[in-house]
Structures are given as structure tokens and as C-alpha cells.
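The values are calculated or read from the model by the stated rules, or taken from the named source; none is laboratory data. Fair warning: this is a prediction, and the values are worked out from it, not measured in the lab. A quick note on method: Cβ atoms are made from the backbone with ideal geometry, for glycine too, and the neighbour counts reach across all protein chains shown.
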Amino acid sequence: MTDVSFSRFFKSRTGITFIDSLVEMRLGHASRLLIDTTQSVAEIAYNCGFNNISNFNRLFKRKKPARRRSLGKITAMEAACLFELT
């Protein structure tokens, strides 16, 4: 099966693209690691399959925007908790 055929099949069955599904799984795993470990955000991003921290930050913010932005900066753990709740 070609990459295009697989992607088309996957989207027809799940309603989302394979890449979106993969990113969601990686972000979920990263959120759990942010909560459960003391690793840095960069280490977690790389361990979860993101090639660079900028890409991780951009996708994390896009998929799960912070609700407490008006209250000031939030910690990585607070961001992970927000990710898990939404």
C-alpha cells in the first residue's frame, strides 16, 4: 500500500489524518511526561519524537492553547495539566 493510499484509508476510517493522529499521541505522551517526570521540556519533546523544540512548542500551543494566558506565565507542569483537561 502506498503512503497516499494508506493516508486516504486512515482518514476515511478515523476522520483525521495519520499525521494529526500521530501528533496527538505524541503530545499526549509528552503531557504525561511533563506531569510525571522532572525532565526538561526539550528532553521530553525529543523523546516523544519531535525534531526540535520550536516545532513541539508550536504544535502544543496550537492543539491545546493555554486558558490562563491573562494571568501571566504558566509552568510546563501547569501547561501539561491544561493539555490533559481539554
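Side notes on the structure shown:
- Cβ-Cβ distances below 7 Å connect the following pairs, each with a first residue in the range 48-61 that is on the phi < 0 side of the Ramachandran plot, a second residue that is of a type in the set (Phe, Trp, Tyr) and not in a helix (DSSP H, G or I), and a separation of six or more residues or different chains: Phe56/Phe50.
- Positions within the range 1-25 being under 21 Å from Cys48 (Cβ atoms) and of a type in the set (D, E, K, R), in sequence order: Asp20, Glu24
- Under the condition of being in contact with a Cys (Cβ under 7 Å, 6 or more places away or on another chain) and without any contact (Cβ under 8 Å) to a residue 24 or more places away in the chain, the residues counted in the range 15-31 number 1.
- Options Gly49, Gly72: the member that is loosely packed, with under 15 Cβ neighbours inside 10 Å, modelled with pLDDT of 90 or more and not hydrophobic (A, V, I, L, M, F, W, C): Gly49
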